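Working notes, beginning with the structure itself.
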Amino acid sequence: KAGVTQTPRYLIKTRGQQVTLSCSPISGHRSVSWYQQTPGQGLQFLFEYFSETQRNKGNFPGRFSGRQFSNSRSEMNVSTLELGDSALYLCASSSGTSGRGEQFFGPGTRLTVL
Amino acid sequence: EDQVTQSPEALRLQEGESSSLNCSYTVSGLRGLFWYRQDPGKGPEFLFTLYSAGEEKEKERLKATLTKKESFLHITAPKPEDSATYLCAVQARDSNSGYALNFGKGTSLLVTP
């Protein structure tokens with residue numbers, strides 16, 4: 001079974017620009033969660049999508065948004081980039097329906113904001 | 001508020017020297033506690049899920065245990081390839097939380113030959 005894929009793997013942007021990251025979950029999984037990882041804050045939850053609906057949202061500003069498509073693929077968007085948005089952005093896939101909540105992570109997208 | 005604290009922050013072991021990593025947590029209602037391994041520049045790799053106090057799971061040299069307040073990841077006779085950051089995360093049963101994971105800051109393990 002193919003794992004979670006994320007594209008692109010690396011991105012360099014400048015302050016004020018916007019960026020879109022993509023995630024394809026494991027086949028059959030309907031839940032996609034996004035996390036931001038930085039050296040100082042560790043892994044922090046951004047949001048979760050299930051069946052094209054945002055099910056939960058972390059404590060991040062409105063510049064961070066996402067969506068999920070009917071094939072469960074998900075995108076996240078960050079507008080008006082700031083230097084502090086430089087991080088590894090991780091996508092995690094889960095069945096989303098059973099009582100077992102294991103999440104399987106992709107390799108991440110490394111975003112650098114200059 | 002849910003909280004996850006891992007200790008120590010860093011651990012250096014000699015090959016074959018067994019030890020344990022600690023994960024203390026507070027959560028309103030625990031759906032599951034998860035252990036992941038993360039290598040530099042990669043996404044976390046799923047290791048174990050524990051659902052209730054007293055539960056134990058094993059995989060090769062790793063064994064995870066769970067109480068009502070903490071979890072331990074025991075590493076028996078580690079090898080250099082076990083060097084990585086080990087992350088602990090809790091998932092609340094609260095329906096408002098969905099499947100969000102609340103992570104600790106991790107323990108960076110270095111195993112030297």
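The values are calculated or read from the model by the stated rules, or taken from the named source; none is laboratory data. The shown structure was predicted, so the numbers you read here are calculated from the model rather than taken from an experiment. Neighbour counts are summed over all protein chains in view; Cβ atoms, including those assigned to glycine, are modelled from backbone coordinates with ideal geometry.
Points worth noting:
- Applying the criterion of at least 1 residues that are of a type in the set (Ser, Thr, Tyr), buried (at least 19 other Cβ atoms within 10 Å of the Cβ) and within 14 Å of another protein chain (Cβ to nearest Cβ) to the strands (runs of 3 or more DSSP E) found wholly in segment A:59-114 leaves A:74-78, A:87-94, A:109-113.
- Residue pairs meeting the criteria (Cβ under 8 Å; at least 6 apart or on separate chains; first closer than 16 Å to A:Gln37 by Cα, in segment A:52-64; second outside any strand (DSSP E or B)): A:Gly58/B:Ala100
- Output for segment B:1-42, where each listed residue is crowded, with 20+ Cβ neighbours inside 10 Å and among the small types (Gly, Ala, Ser): B:Gly32
- Total residues in segment A:18-49, condition surrounded by 14 or more Cβ atoms within 10 Å (Cβ to Cβ) and over 16 Å from the mean Cα position of the chain (by Cα): 0
- Residue ID - nearest to the chain's Cα centre (by Cα), chosen from residues in segment B:56-113 that are under 13 Å from B:Val27 (Cα atoms) and of a type in the set (A, V, I, L, M, F, W, C): B:Ala89
- Count of segment B:43-73 residues which are surrounded by 16 or more Cβ atoms within 10 Å (Cβ to Cβ), closer than 16 Å to B:Lys105 by Cα and within 11 Å of another protein chain (Cβ to nearest Cβ): 2
- Top-ranked residue of segment B:74-97 - restricted to ones that are more than 14 Å from chain A (Cβ to nearest Cβ) and in contact (Cβ under 8 Å) with a residue 60 or more places away in the chain, ranked as farthest from A:Val32 (Cα to Cα): B:Ala77
- Summed over segment A:1-49, the residues that are farther than 15 Å from A:Phe69 by Cα and among the small types (Gly, Ala, Ser) give a count of 5.
Yes/no matrix, rows are residues, columns are (1) assigned to a loop (DSSP other than H, G, I, E, B); (2) touching a residue at least 40 places away in the same chain (Cβ under 8 Å):
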| position | (1), (2) |
| --- | --- |
| A:Ala2 | yes, no |
| A:Leu11 | no, yes |
| A:Ser22 | no, yes |
| A:Gly28 | yes, yes |
| A:Gly40 | yes, no |
| A:Tyr49 | no, no |
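- Evaluating B:Ala100 against the criteria (1) within 24 Å of A:Gly106 (Cα to Cα); (2) among the hydrophobic types (A, V, I, L, M, F, W, C); (3) more than 9 Å from every other protein chain (Cβ to nearest Cβ) leaves one unmet condition, (3).
- Which listed residue, of A:Arg55, A:Arg15, A:Arg9, is surrounded by fewer than 22 Cβ atoms within 10 Å (Cβ to Cβ), within 12 Å of another protein chain (Cβ to nearest Cβ), more than 29 Å from B:Asp94 (Cα to Cα) and more than 11 Å from the chain's Cα centre (by Cα): A:Arg9
- Scope segment A:5-34; condition among the small types (Gly, Ala, Ser), at pLDDT 95 or above and touching an Asp or Glu at 6+ places or on another chain (Cβ under 7 Å); matching residues: A:Ser22, A:Ser33
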